[in-house]
Structures are given as structure tokens and as C-alpha cells.
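See structure below.
The values are calculated or read from the model by the stated rules, or taken from the named source; none is laboratory data. Computed from a predicted model, the values in this text were never measured in an experiment. Note that we place each Cβ from the backbone using ideal geometry, even for glycine, and neighbour counts take in every protein chain shown. Areas reflect the complete protein model, heavy atoms only, side chains present, ligands, DNA and RNA absent. Shrake-Rupley method; radii C 1.70, N 1.55, O 1.52, S 1.80 Å.
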Amino acid sequence: MARSIGSVAVIGAGAMGRGIAQVGIQGGMQVWLFDAAPGAAAKAAEAIAAQLDSLVAKGRLPADEAAAAKAQLRVADALEQIKEVDLVVEAIIENLEVKQQLFTQLETIVRPDCLLASNTSSLRIAAIARSCQYRERVGGLHFFNPVPLMKLVEVIRAPATSDETVAALVKVGERMGRSPVVVQDSPGFLVNLGGRCFTQEGLRIVSEGVAAPSQVDAVMRDCWGFRMGPFELMDLTGIDVNFPVSQIISAGYFHDRRLATAPLHQAMAESGQLGRKTKRGFYAYDDAGRMLAPSPDAASESAPIEKVALAEDDDALAELLRELGFSVSNFDDGQSPILCALLGEDVSGYAARRGFDHRRLFALDLTGRLDKRLTLMQAPGAVNALRDGLVAQFNKAGRKVTAIRDSAGFIGQRVAAMVANLGCEMAQIRVAGPADIDKAMTLGLNYPLGPLALADHLGPQTVLNILTQLQAITGDDRYRPSLWLRRRALLGLSALTED
Ligand code: NAI
């Protein structure tokens, strides 16, 4: 049975330490707060009390529970005062030497069986524990900001961390009302690594001129159920935050192409257009903080074109087009638009391979949800008047259209396949177990599905096909399929199948 933790010291009373202390006392533990800056811990304790009072005022916390929690909070003026605690959670400045010094000092103060945890987001736990005498008691407790609202906590297991320490940290996380997931001591841990592809594939799509940020965001929201698209998300977290995280993780994985971001990301970071906080990022914002986004919807003044030919027999495409009021034939009359549904291929490649007139050939993405928005893709040299006629007919039938330039995998297939592939790779390299990867990504990033469930939703074989096509067409190992995905696709297994 895991050891029970009754008392905790939180070192560093900034944004994170404050939140950790709050969920600690709400979990019934005695919590000491210490900060190197004089008065900072006392100020944080006042802020926590005020936070609990406001929860009571809003009816979200019974008054007696708030009072009991507040009675558990202590402010330490010197580190020596915490010598009897069962667990120390460090949440100080993100600097390896300073953290190493603190851990070495803590070992001279606390009991030999006191557990030591760091809330670092970018340093290795093993590096922080490097000079510690008892490394088996050192692990990570990686909370997310704002702590009281974010349910996930990553419990980081370094090579020397004992099973008992991991079990006790999981238990303390639960007691703090969080959902713990055990994660390997690797760059970006789980969620910060797993979140890379959603934004970075979006950046590549925009960099290639395929679509604008507002178009990528609209597709990922309307067709794939994400609460926010990649560009809204980067503007919200701040490009000065997400660009360096991308760099650290990319370097941590020795520049695996799958984790590379785009030069556009760096250009934005260097320009100082950092997102919402500077009122200008990928989008502009007015003084009230409202986003001033260009419309992602293709507009058309043309008369609707109803008559289309199918490039090849495709029941799903034919059914969709008929439902939207098109007259569909299998005969190319030499004038009407020709429509196809592509998986991982671009329109140019398909036109050349099958001998179609690329000027009249248009592709639809049939993956993702189609009830609000459709993605329509064209080759270079396509007749825009034909596209406008198609858009007019889609609009008449109540569908919005995102019209994009040629891209293997459209927008949605590219981003979804990359997210799913990275989830598979995380399972392959043992960042965490497959079910925990999905749990962490849905809790930590609000994804509608975990990356492995997303792979299953599309079908592992379909994801593999999309990636293989992308890799072949672009010649870029960025689209290299994870062996985890490949094996499960070949064997017809769920992506969640354990080894
Ligand atoms: P912060 O800057 O708000 O607070 C840090 C606090 O630590 C300050 O009050 C500072 O006076 C104190 N401090 C610095 N050196 C100290 C020392 N040697 N001994 C005692 N106190 C010391 O920082 P924040 O955002 O709370 O981050 C703390 C840690 O949590 C960092 O390791 C960070 O990477 C990690 N983290 C931050 C997240 C975030 O979104 N802010 C999310 C997850 C982890």
C-alpha cells in the first residue's frame, strides 16, 4: 500500500506554488508555504484564503470546508521549520542549478523518508536529483496552470525513483483532487510533448501557403471538435511561451523531424507579436480583447454549379453530393467540375496519376465531421470560376466551405494524423501507457479524443496510409509513421493495444 502523506511543504509561493498549496489544504493535508522572497509566502497564504472565501461566496465550497482548509495552512519563515513534513513540492524558479542547490539543502533538513518532488516543466527530475543522497525518494509532480482548475497532474518517474515513491505521489495527487498519470522523465514529459503536433502542423500548413490561420482553426473546430484551433491556442498561451517549449522539446529529441516547428513560429516570437497579451499575434485583438479574425469561409457571388462528374466510383462522395443538391454523373462532359475524395494525396498528384484535367478537378475531405463545414482543395491552375460555382452550391445547401490550395492530406487529415502519430510514438517510447496518454491529453489539453482514440476513430490503417502518402509526396521524414501505429495497423488492432 502506498504511503500516506499528512503534511506537505511547498517551496516557491508563485503562481504554481500557490495553487498547489490550495489543493493540498483542500485535500485535508497540512501545508507549509515557503518562499525565498521575504513576505511572498504570507502574501500567497492571504491570496489562497481569499480564493477559498470567494468559492464559498459563489456557493462552490461549503464554509466549514473552507475554514478547515484554511486552518491547515502554515507559513514558514525559514526552511528549518519544515523539517518534519512527509513531502516537499518544489515550485521555484525554472533554473537547474538553483533547483539542484535547493534539493541538496533539503536533504540536510528533512527526514530521510520525506519525499521530494519538483514541479519543473522542462528540466529532468534525474538532473535535479543529481547530487541527492537518496534519489529513490525524488520524483516529479507536474501540475498545470491554474492548478485548482486543471485536474491533471503528471507524476514523473526518474530512473532512480522507487515504486513506493511513485505510488505515494499518485496517492497524494488523488488526495489533492487531481487525476494523476505516471510519466517517464523525458523532454516535455507527456502533455507538453503530445501537444506539439497540433500547433506545429498548423504552422506548416500556413507556411506552405495552403490556408490562412483562421481557415486552419475553423476546420479543426468545426470538423474535428477541438475547442480552439492551433492559432487561437498559440495566441492564448503566448508565442513567447510556446515557441521556446517547441525548441526545448525538439532539441530534447535530437531534432526528430516530427517535432520540428516552422520558421514562422520563430518569426512571430522575434517580432514581439506574441498573441492576446500584445493584442497582436496570428490574429489582431481590439481593446476589449475581442479577436478580429478574417472570415475562414469561402464567399461566392457566382451562380451555383449543380452538375458535377465523379473522378471515380465513390459511394460516400456521391451520396454527400446528392444530399447537397448536386446532379452527379460518372461521365466527364469536358466542362463540368470533376470531384474526388482524397486520402493523403494532393490534387496535382491525383490528376497526373489518373490523367484528369487538373483545371477542373476539385477534392473534398471526407474525414472529420461534414455537417457544418467542407474543405475543398484545388490544384495550381484550377479554374476559379468553377470553384466559385461549387462553393455557391455548397453554401446554398447550408454548408460552409474552406477553400484551400493543394496539400497532401488537406488540413484536417494532416493535423489529425500527426496528433495520432505522436500519441503512438509516445506509447512506443514509453512516455506513458496508451490509456494514460489519452487520459492526460484529454484532461490536460481538452482534446475531444485522446491521440490513440483519434487513431482508432480514423482507423490505424487510414492514419498509416495518410502518413505514408505525406512522407512519399513531401520527401519529409516529418511524416514518418510510428512503429507503434504501423504494427497495429498491419495487424488490424486498436491503437490502444498494449505491447
Ligand atoms: P513564479 O515566478 O510565479 O514563482 C516562483 C517563486 O519561487 C517566486 O515567488 C520566487 O520568489 C520563488 N523562488 C525563487 N527561487 C527560490 C528559492 N531558491 N527558494 C525559494 N523560493 C524561491 O513561477 P511559477 O510560474 O509558479 O513556476 C514555478 C515552477 O513551476 C517552475 O519550475 C515552472 O517551470 C513550473 N511550472 C510552471 C507552470 C506555469 O504555467 N507557470 C506550469 C507547470 C510548471
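Observations on the structure shown:
- In this structure, the amide hydrogen of Ser179, modeled 1.01 Å from its nitrogen in the peptide plane, lies closer than 5 angstrom to those of Leu152, Val153, counting only residues at least 5 positions away or on a different chain.
- To put it simply, the accessible area of the range 40-127 at a 1.4 Å probe is 53 percent carbon and sulfur.
- Ellipticity at 222 nm from helices only: DSSP H runs of n ≥ 4 in the chain, each -39500 (n - 2.57), divided by the residue count, give -13000 deg cm²/dmol.
- Per-residue 3J(HN,Hα) values for the range 188-205, derived from phi via the Karplus relation 6.51 cos²θ - 1.76 cosθ + 1.60 with θ = phi - 60°, read x, 6, 9, 5, 5, 6, x, x, 4, 5, 4, 7, 6, 5, x, 4, 5, 4 Hz in sequence order (x marks Gly and Pro).
- Residue by residue, the range 163-176 carries 3J(HN,Hα) couplings of 4, 5, 5, 4, 4, 5, 5, 4, 5, 5, x, 5, 5, 7 Hz when phi is fed to the Karplus relation 6.51 cos²θ - 1.76 cosθ + 1.60 (θ = phi - 60°); x denotes Gly or Pro.
- Here the contact order of the range 326-373, divided by its residue count and restricted to Cα pairs under 8 Å and six or more residues apart, works out to 40 percent.
- Loop-exposed trypsin sites (Lys or Arg not before Pro) per DSSP, neighbour cap 10 Cβ within 10 angstrom, longest uninterrupted part of the chain: 61-289
- Helix 460-474 vs. the chain, principal-axis angle (Cα, 0 to 90°, nearest 10): 70 degrees
- The range 420-499 - percent of accessible surface contributed by carbon and sulfur, probe 1.4 Å: 53 percent
- Degrees between helix 15-26 axis and first principal axis of the chain (Cα, 0 to 90, nearest 10): 70 degrees
- Contour minus Cα-Cα distance for Glu46 and Ala352 (0.36 nm per residue): 103.3 nm
- Once you divide the Cα radius of gyration of the chain by 2.2 N^0.38 Å, the number left is 1.12.
- Residues whose amide H comes within less than 5 Å of that of Trp32, counting only those at least five positions distant or on another chain, are Val8, Ala9, Val10, Arg74 (H built at 1.01 Å from N in the peptide plane).
- Distance between the 7 Å Cα→Cβ label points at Glu84 and Thr497: 5.6 nm.
- Each Cα pair under 8 Å and six or more residues apart adds its separation to the average, and for the chain the resulting relative contact order is 12 percent.
- Size of the range 1-123: Rg and Dmax of its alpha carbons, in Å, are 14.4, 44.
- Once each of the chymotrypsin sites (Phe, Trp or Tyr not before Pro) sitting in a DSSP loop with at most 10 other beta-carbon atoms within 10 Å is removed, the chain keeps 1-253 as its longest stretch.
- By accessible area, using a 1.4 Å probe on protein heavy atoms only, the range 307-404 has 47% of its surface on carbon and sulfur.
- Multiplying the residue separation of Asp113 and Arg257 by 0.36 nm and subtracting their alpha-carbon distance yields 47.6 nm.
- Note on the chain: antiparallel DSSP beta bridges, both residues inside, total approximately 20 percent of the bridges counted.
- Placing a pseudo-label 7 Å from each Cα along the Cα-to-Cβ vector at Leu96 and Asn330 gives an inter-label distance of 6.4 nm.
- Entries in Lys171/Lys439; Lys277/Lys396; Lys83/Lys171; Lys307/Lys400; Lys99/Lys171; Lys70/Lys171 that, when Cα-Cα distance is taken, lie over 29 Å: Lys277/Lys396
- Under-5 Å amide H pairs with Ala284, H placed in peptide plane, nonlocal only: Leu292
- Rounded to the nearest 10 degrees, the angle from helix 213-222 to the longest Cα principal axis of the chain is 80 degrees.
- J(HN,Hα) series, the range 393-406, from Karplus relation 6.51 cos²θ - 1.76 cosθ + 1.60, nearest Hz, glycine and proline x: 5, 4, 4, 4, 8, x, 9, 7, 10, 9, 9, 10, 7, 5
- The range 271-364: GluC sites (Glu not before Pro) in DSSP loop, at most 11 other beta carbons within 10 Å: Glu301
- Rolling a 1.4 Å probe over the protein heavy atoms gives the chain an accessible area of 41 Å² per residue.
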